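Quick notes on the structure that follows.
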Amino acid sequence: MSDQPDKPDEPDDDVGSASQPDVDPRPRSGARRRGVTSSGSYLPVSSARKPAASGRPPVGKPITVRPTNAKNVSRKRQRGRLAELASLPGKLPEKIGEGLERGISVTANALRDPVGTVQQAVAALPVPKGLVLGWAIAMLLPLALYFVDLGAGSLSQVDAEVALLVRRVLSGQLLWDQAFHSVPPPTGGPLGIVPFVLLSRLFGMSEATLRLVPVLAALGAASCLLAIAIDVGVGRQTGGLAGLVFLAMPLTYELSHRIVPDMLVAVASTGAVALVSHSLHGHKFDRHILPMHKQGDEPAPLPLRRLPMLFAALGIGLAGVLDVRAGLVALFFGFFDCVISHRPLLRKRRVWLMWLGGTLLLLGASAIHGGALRTLFHRPAAGIFMQAFNAVWRQGPSWFGRHVGQVVVVTTCFGLLLGSMRRASRPLLVWVMLATLLTWVGGDLAPPRGLGLLLPPLALASAIGLQSPVRWLGSLGGLITTFALAGVVLAVIEGDPVIHQSDSVKTLIQSQRHAPATARRCVVGMNDTVAAYYSRRQIERFATVTSLKQAVGEKDLFSCLVPRELLPEMQRLLVTVPTQPQTPSPPPKPAQAKPVAKPPQPVKDLDLSAEPISTVLMTTLDIEEPPLDTKGPPLVLVTR
């Protein structure tokens, strides 16, 4: 045995040596050298362990050297990741504390110098300052406009029905499952009353709290449109314009300021589509894929990740819990996205696992709704499609409401044509078709109710149609964005009647609270939902004035809301005029002589108990009208 250490450049194990007998020095056919992959690239090869060169023979079990190959390297990486994940729970409190401290310091600095903070943020962005400030105004102004009038006005009849359900759930008078089945039709998203109950329990029940839920849902849907536009390759500018178009539609403003679950269905569908699109493509590219661009600008498929796939499956399930149609739209959007635009993704197991998980969660959500998938498709009522189309085509009585819907529909057709010319943006056409089909056959519409699924894809397709003139006009293209922002302002102005539908009822109910405690509170010839919500006590309902007369006696007190056209009938039937006894006129007296003066006699006390007495409350009706500039149905408050 030699005392010299082994040389480091020993031959490979798979290659024979000339010093060894009966061994072919040439590499065998098909043998793979250690550290070399099938593609020809080299992996890091660790040197074999050498025994210590002490001159002593090795004692014990001989050292075995495991060859390093691709599988071993992959296992080492997995062990390293597992070790990092195992140490993560111990680091979470420290990371959370650092994040909180950093957030508090940033917030304190922003409060001390808000202007300087904004200037630093704008200067840090690698884009022109004018563009940043313009888009900041375009995004922040709609937020302020949508939040400014949350507590103004009053609730409509359908809004008051949902508000009464929320109040009964909060007071414990109604169970959750009963409340889900009591949502006024169309009942899309019956679980949508859960956010109303939670926010009312947290901040107290008021009109501002109830309207906060749909307003946040509308703003969230607009943000999801920006993410979807980036993922499908039409660009962030198109996504921002889509958000403005969505908020500029009077239908969006109306549904976002009413206590109905339609806007929650919209944000559930749009959010699930955004999660699915992000899991398949990611946010690493941002290009405008329109006909004037080259084919090389089209984004290439990106590596798939497990966590976004998990979130996409959970998003499909949660959207299905709110409304089965929302989860179904996201599931089919992801499938047709892969089939039409990204077929290489069909060979990925992660994609199929995501679809399988989303399908199972969607079936579970259907079971929660009582098997909604089995009863989803049914024959729609005659003329319901034209009613929905007219609601989108003509979105209000004003000039802006009549023309904004026409612009959206025309530019949507143009945007779908442009989007279908590029492979990456073709799934948008599928999204619009799926939303239209499920809106039409998925439930009985009562426009503008029931259009929550359809409005977000229409806004994105319309933004694609509007974005092409922006690219063609060059520096003048910013006018399109300015017009869209002006549309948001006009939608808020024109939507004033939406939040003032029952101001007259609210005003008169506040006066009715001053009625005597023994008076019967009622409404005649109208619905009692809004009156019961604002009265906070039992309200009787009479269909006609005759039924009210039969229910109350001549001496009973009442305070009733009555339509103005029923006031003459009420005065004729309920006003009691006391009858005075008619005494015959005395016959003419004959002429007499000069009377003789008589002594004065004492005055007798009058017996008033025998005479009929009629007080003012029993003979007249107190009629109160709302102020002249009060909006709402023409009503009067009649009190006796």
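The values are calculated or read from the model by the stated rules, or taken from the named source; none is laboratory data. Just so it is clear, the structure is predicted and the values come from calculations on it, not from any experiment. Positions of Cβ are backbone-derived with ideal geometry, glycine not excepted, and every protein chain shown enters the neighbour counts. Accessible surface areas use protein heavy atoms only, side chains included; no ligands, DNA or RNA. Shrake-Rupley method; radii C 1.70, N 1.55, O 1.52, S 1.80 Å.
Here are the numbers for the structure shown:
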| quantity | calculated |
| --- | --- |
| Gyration tensor (alpha-carbon) shape descriptor, region 375-447, a/c threshold 1.5 | oblate |
| Thr412 - accessible surface, heavy atoms, 1.4 Å probe, Å² rounded to 10 | 10 |
| Rounded, prolate or oblate (a/c below 1.5 giving rounded, otherwise prolate when a/b exceeds b/c) for region 298-443 by Cα gyration tensor | oblate |
| Neighbour net charge for Leu490 - beta-carbon separation under 15 angstrom, K R +1, D E -1 | -3 |
| Heavy-atom accessible area ranking, 1.4 Å probe, most first, across Met205, Met263, Met421 | Met421, Met205, Met263 |
| Surface accessible to a 1.4 Å probe, Met139 within the full protein complex, Å² | 80 |
| Counted charge near Val339, where neighbours are those whose Cβ lies closer than 14 Å (Asp, Glu -1; Lys, Arg +1) | +4 |
| Region 421-548, Rg to Rh (Cα coordinates; Rh as Kirkwood inverse mean 1/r) | 1.23 |
| Phi-based couplings in Hz for region 432-442 (Karplus 6.51, -1.76, 1.60; Gly and Pro marked x) | 4, 5, 5, 5, 5, 5, 5, 5, 6, 9, x |
| Solvent-accessible area of Cys522 with every protein chain in place, 1.4 Å probe, in Å² to the nearest 10 | 0 |
| Placed amide H near Arg520: partners under 5 Å, 5+ positions off or other chain | Leu557, Phe558, Ser559 |
